[in-house]
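Here is the structure we will look at, set down as C-alpha cells.
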Amino acid sequence: MLNIPIIRWGKPYESLEVDDVVHFATGEPIAKVSQANGGIIQRDMRKAKAARDALRQFSPDDLMDRLAKAADHYAEGTVPIGDGQQSPSEFAHQQSATTGLPEHMCLANMKKNSFVLKHMPDILDSLTRGLDLNILARGYGIESRGVVVSYQAQSPVLGAVLPSNSPGVHTLWLPAIALQLGLVLKPGPQEPWTPYRMMSAFVEAGIPPEVFSLYPGGAEAGAALLASCPRAMIFGGTATVEQYRGNPRVQAHGPGFSKILLGDDIVDDWEQYLDLIAESIYINAGRGCINCSGVWASRHTREIAQALAERLGPVEVLPPEDPNAGLAAFTVPGMAKAIWEMIETDLKEDGVTHMTAEYGDRLVEQERCAYLRPTIVHCSSSQAAIAKKEYMFPFATVVECPQEKMIAEIGYTLVGTAITNNEAWIDQLVDATNIDRLNIGPIPTTRLNWLQPHEGNLIDFLFRNRALQLSEERLEVLKRGE
Amino acid sequence: MPMSESSAQSAAGASLEDRQKAAREQLDAHTYEIVQWHFHESTGCPFWLEKKRELKFDPLTEVKGFDDLKKFPLFEDDWLRGGPVRRWVPKAYADKPIYVFETGGTTGVPKSRVVIEDHWIDYELFSHTLPDEYFPKGSNWLMLGPSGPRRLRLAVEHLAQYRGGICFCIDLDPRWVVKLIKKGWMEHLEAYKQHCIDQALTILNAGHDIRCMFATPKLLDALALALEEQGTSIPEIGITGIFSGGTEFTPQWTRYFVEEMLGGPPEESGVYMTPTYGNTLMGLACSKPVTAEEKYKITYYAPQPRAVTEVVDFKDPNQLVGYGETGRVKLTTLTKEFFVPGFLERDEGEREPPYEAFPWDGVSGVRPYHALAASTTVGVY
C-alpha cells in the first residue's frame, strides 16, 4: 500500500488527515492519501509566481522536449509515487481498483495522455493558431505577418479540480507546463493516480518539482483552490457549470450531452452508421462527456433503438482485469441504484420505451459496488424528460424529431456529430451556438482530433491578447532579434 | 469544567479513580436536583410539566441519578421551534429578565432557547480553564463570530467582561452565509467573508490593545492570511490567546494553523489557541491541551455536571460505546434554566477516557455524523 503525501511546490507534506483509498470490489487497502485543508492551499498560492519564474528559465521548445521525454516515463517507466514505486501495469491496476474502470481502459487512457505530451508542439501550434511560443514566453513579440502582438498570462499557474470518473480529462491540463505555467491540482478522491504519476514523469524528464502542487482533499480544498488560483478548471455536474458560468477565473467542464444527428437525406441508410453510433455510446464504458447520450432522427428511430439494444443490451459485467470488460463499476455506494431509480421514473412517461428491457436487469449490485448495463431508450417525442438526460454509463436515448426542429430541441451539446450532406442544414449547424464541437459526417463523437480546442481554447483562457506599443528604437531591436 | 467546586473539590489530590467516583456522585445528585426542579409544579416550566403527563413514569420519584434519565424519550430539538417561548421558562424564574437565543433559521422558524444566566455561568466556568499567561486579565477581546440573536456573541462579551476586559464585536449574519452557500454564490460568500475580515482588521488596527479573541476556524484562517498580506501576523499584532470552535477544528487544521500561521506552539510563538465544542442547547465543552506530541488530537470534555457528552452506539442511543470506539455524540443539559434529557447531536466521534483535569468521559475526533453527511452526496456526480 502506498502513502501518498500532499505536494506543496514539489515538497511532500504528510497530513494528519488521511483518506483510505480501497479496492472497489474487494475493499483491499490501496493507498493512504493525505488530505489538504483549504488554508494550506491559500497560503501556498502566495508563492505561485515562483513556479512560473522557474519555468521561464526554460524555453518553450526545451520544455516541450522534456514533455516528450515525460511521455515515455509516464507510459513506460517505473516512477516514484509517494513512498513507493509504480510501474505502468501497477498504475493501471491501481487506477482500475479505485475508479472501477477496467484495466485495459486505464492502459488505453495512458496512451492518450502520452500521445498528447509527445505531440505538444502540434497541439500548441493549433491552439495558438501558429503563434511563436516565444511570444507567450516573453509576453510580446512580432508575429509572422510583422505585427507586434502581446499575450499576457492571466495567472502564474493553472489550477484544476479533477474528477474521479474519467481519466481522459487529464489531457486538458497537460499543456500548462509548456506554456510556462505551474500546475496546482486537486486530484479526484478515487483517482489520485494520474496527477501523481504525471508529476513524477515530468520531474524525471527534468521539469523542476517546485512548479507542482497537488492537494488531495474534500470540497473545502476544491473551493480554496478555485478561490486562490486566478485561472482554474473544474469538472462537475450541471450545477457546477451553472455556478461558474460567466466567471472568467473558472473554466467549468460538465456533462457533455453529446449527440448524433441523422439528417433526413441519409437516415434511410441508418444501418450503415450503426457501428459508429454504438461506439460513441459504449466506448470507454460510456463515462466520458464525449460519449453519445442521444441519437436524433426524424424517422426509423424505433428500428435504430432496437438495433442498438440488440448490439449493446446483452453486454455483461466482467471483472476489471478481463480484457473484454466494457463496463465500469460505480464505486460510490448507492449511486448506481439512485441513477437507475431516476431512469425508471422517466421510463413511466408516455411515448418512452425501454428497448434493452428484454436483455435482463440493468442494475447489477455486488457486495461493495454496482454496475449499470447499457441502456437504450426510445422517445417518440423530444419533449420526453429522459431525452435530455446523460448518465455515466453506456446510456442513450433515440429521439424522434423533425429535422427542422432538431437544432433548437437538442439543447446544449458538447460534441454534435451531424451525418448529412444537406448543405443548407450544415450551414445552420455551423451557426448553432448550442453545439460546441461539431463533426460533419460519420465521425464518432468520441473520436477527438487533438489539434482542435476542447470546450474552450486553453490559450484564450490563460492568456489575454492585449495592446502593447513599442518605441521605434525598441521595435528595431525586437526586429533584429536582440 | 475542571473539577474545582463542591464535592469534586473534596476529591482533590485523590486518585483518578476516586475523582471519577466523586464526579459521578456529584452528577447523580445534580441530576436528581435538576429533575426535581423542572418537574415540580412550583418551579418547573410549562413545557416539561405538560410533557410529564405523557410520560409513563414519574420523574419526581423515579429519577434518582443520571442513568435514570434514559427513561425519558430523546429530546427533539424541533420542540424548540415556534412559540410561545415562555413555555420554556421555569416558573421560579418567571419574573427574571429573559434572553432568547436562536439556532438555525436560515429558512423557516429557528429553534429558540430561553436563557437567564446560563450563558454567563458557562463562560465563567470556561474562563477558569484559560491560562492567564496567554489570556491576560484585563485585556480587551475581539469577537470574530456571529452576531444577532446568538448566545455566542453575548457569552464571549461576558467572558471578556468577567476577565476584566472589553469586547469588540463585528456584524456577521450566519443565516446569510448559509443562504450564499446554498445558492452557490461563492463570489458573494468570499466578499462577505472579506467584509467580516475588514471589520476585524479595522478594530485590530485602531489601537484598542486587543490581546484575546474568539474566531471560527474559517474566519481565523482568513484573518491570519489578511494580516500576512499586510506584512504582519497574529502574534505581531499582539494577540496572545485565541479560542475557537466547531467541527472544522480538526487536528490537521490545528497543526497547520499552529505551525504555519502562529509560528509554533505557545512557548515559541507566544500565542495559545484552544478549541471548544458546544451549541446553544448545551453550553461549552473545552479541550484537553492540544499538542504536537499527541498529533494535535482534540478531545472535548463537557462542563459536568451542568452538561454531559456521551458517545453512544449509532443504533442504541442508551448504549455507550467502548473507549476509543466511534459513536454518535449525545448531549444532556442539566441546569435550572434548561433541561435536555439526551439529545443526539449531528456529530460523531470517539469516546475518550477521563483524565486528571476532567474525571469523566470525553469525546475526540468530532465530525459530522456520517449517515447524515452521506445522504447529501448520493446521486451527485
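Which angle between 0 and 90 degrees, to the nearest 10, do you get for helix A:301-312 versus the longest principal axis of chain A when only C-alpha atoms count?
70 degrees
Counting only other residues whose beta carbon sits under 13 Å from that of A:L67, what net charge do I get with K and R as +1, D and E as -1?
Every neighbour counted, the sum reads -3.
Post the alpha-carbon centroid distance, the stretch B:200-269 to the stretch B:306-334, in whole angstrom.
What the calculation gives is 32 Å, centre to centre.
Suppose R0 equals 22 Å; then what is the FRET efficiency for A:R46 and A:K11 from their Cβ-Cβ distance, rounded to the nearest 0.05?
Step by step, r from the Cβ atoms, then E = 0.90.
List the aspartates and glutamates whose Cα lies under 16 Å from the Cα of A:K111, skipping any in the same chain that are fewer than 8 positions away.
Partners found: A:D72, A:E76, A:E90, A:E103.
Any chance you could give the angle, 0 to 90 degrees and rounded to 10, that helix A:193-204 forms with the longest Cα principal axis of chain A?
30 degrees
Suppose we keep just the DSSP beta bridges with both residues in chain A; what percent of those would be antiparallel, to 5?
40 percent
Based on the alpha-carbon gyration tensor of chain A and its eigenvalue square roots a ≥ b ≥ c, which shape applies: rounded if a/c is under 1.5, prolate if not and a/b is larger than b/c, or oblate?
Oblate, because a/c is 1.5 or more while a/b does not exceed b/c.
In which sequence would B:R19, B:R255, A:R197 go, from the one with the fewest C-beta neighbours within 10 Å to the one with the most?
With the fewest neighbours first, B:R19, B:R255, A:R197 line up as B:R255, B:R19, A:R197.
Reachable aspartates and glutamates from A:K389, Cα under 12 Å, same-chain residues fewer than 8 places away excluded?
A:D346
What pairs from B:K193/B:K295; A:K47/B:K288; B:K111/B:K315; A:K112/A:K259; B:K137/B:K288; B:K51/B:K111 go past 28 Å between their alpha carbons?
Where the Cα-Cα span goes over 28 Å, the pairs concerned are B:K193/B:K295; A:K47/B:K288.
Taking 0.36 nm per residue of sequence separation and subtracting the Cα-Cα distance, how much length would be gained by fully extending the chain between A:F115 and A:S59, in nm to one decimal?
18.0 nm
May I ask what percent, to the nearest 5, of DSSP beta bridges between residues of the stretch B:115-375 are antiparallel?
Percent antiparallel among DSSP bridges in the stretch B:115-375 is about 65.
Taking the 0 to 90 degree range and rounding to the nearest ten, how far is the long axis of helix B:16-39 tilted relative to the main principal axis of chain B, both from C-alpha atoms?
70 degrees
Apply the Karplus curve 6.51 cos²θ - 1.76 cosθ + 1.60, θ = phi - 60°, to the phi angles in the stretch B:178-183 and return the couplings in whole Hz, x for Gly and Pro.
Those phi angles translate into 5, 4, 4, 5, 5, 7 Hz.
Give me the aspartates and glutamates in straight-line cross-link reach of B:K64: C-alpha distance below 13 Å, same-chain residues under 8 apart excluded.
B:E25, B:D28, B:E33
What FRET efficiency comes out for the pair A:L438/B:E236, r = Cβ-Cβ distance, R0 = 45 Å, nearest 0.05?
Result of the calculation: an efficiency of 0.20.
In deg cm²/dmol and to the nearest 500, what is the mean residue ellipticity at 222 nm of chain B if only DSSP H runs of at least 4 residues count, each as -39500 (n - 2.57), divided by the residue total?
My calculation for chain B gives -9000 deg cm²/dmol from helical runs alone.
Give me a single rounded figure for A:36-46: the average over its residues of other chain Cβ atoms within 10 Å of their Cβ.
Per residue, the average neighbour count from other chains is 5.
Need the C-alpha centroid separation for the stretch A:298-324 versus the stretch B:122-187, integer Å.
Between the Cα centre of the stretch A:298-324 and that of the stretch B:122-187, the gap is 61 Å.
Which one of B:P341, B:P289, B:A357 is farthest out on the positive end of the charge dipole of the stretch B:283-377, using unit charges on Cβ (Lys, Arg +1; Asp, Glu -1) and the Cα centre as origin?
So the residue furthest toward the plus end is B:P341.
Which distance in nm do the two modelled labels at B:K295 and A:K337 give, with both placed 7 Å along the Cα-to-Cβ direction?
Spacing of the two 7 Å Cα→Cβ label points: 3.3 nm.
Please state the shape class of the stretch B:181-304: rounded when a/c is under 1.5, otherwise prolate if a/b exceeds b/c and oblate if not, all from the C-alpha gyration tensor.
Taking the square roots of the gyration eigenvalues as a ≥ b ≥ c, the stretch B:181-304 is oblate.
Rounded, prolate or oblate: which fits the stretch A:160-310, taking a ≥ b ≥ c as square roots of the Cα gyration tensor eigenvalues, rounded meaning a/c under 1.5, else prolate when a/b beats b/c?
prolate
Just for the stretch A:258-440, what percent of DSSP beta bridges are antiparallel, to the closest 5?
About 25 percent, rounded to the nearest 5.
How much net charge surrounds B:A285 when only the other residues with a Cβ under 14 Å from the Cβ of B:A285 are counted, with Lys and Arg +1 and Asp and Glu -1?
Computed value for this residue: -2.
Order A:301-309, A:405-413 from most to least packed using the mean count of other Cβ atoms within 10 Å.
Those peptides, ordered most packed to least, come out A:301-309, A:405-413.
Could you put B:K315, B:K52 in order, starting from the residue whose Cβ has the fewest other Cβ atoms within 10 Å?
B:K315, B:K52
Which of the residue pairs A:K49/B:K179; A:K49/A:K69; B:K91/B:K330; A:K337/A:K388 have a Cα-Cα distance greater than 29 Å in the structure shown?
Violating the 29 Å Cα-Cα cut-off are A:K49/B:K179.
Go through B:G322, A:P156, A:F202 and say which Cα lies farthest out towards the positive end of the charge dipole of the protein assembly as shown; charges sit on Cβ, +1 for Lys and Arg, -1 for Asp and Glu.
So the residue we want is A:P156.
Exposure proxy check: A:S89, A:S166, B:S139, A:S213 ranked by fewest other beta carbons within 10 Å?
A:S89, B:S139, A:S166, A:S213
Quick one: what are the phi-derived ³J(HN,Hα) couplings along the stretch A:63-70, Karplus 6.51/-1.76/1.60 with θ = phi - 60°, whole Hz, x for glycine and proline?
4, 5, 4, 5, 5, 5, 5, 4
Net charge around B:I203, counting only other residues with Cβ within less than 15 Å of its Cβ (Lys, Arg = +1; Asp, Glu = -1)?
-2
Values quoted throughout were computed directly from the atomic coordinates according to the rules given, and no laboratory measurement underlies them. Predicted, not measured: the structure shown is a model, and the values here were computed from it. We place every Cβ from the backbone using ideal geometry, glycine too, and count neighbours over all the protein chains shown.
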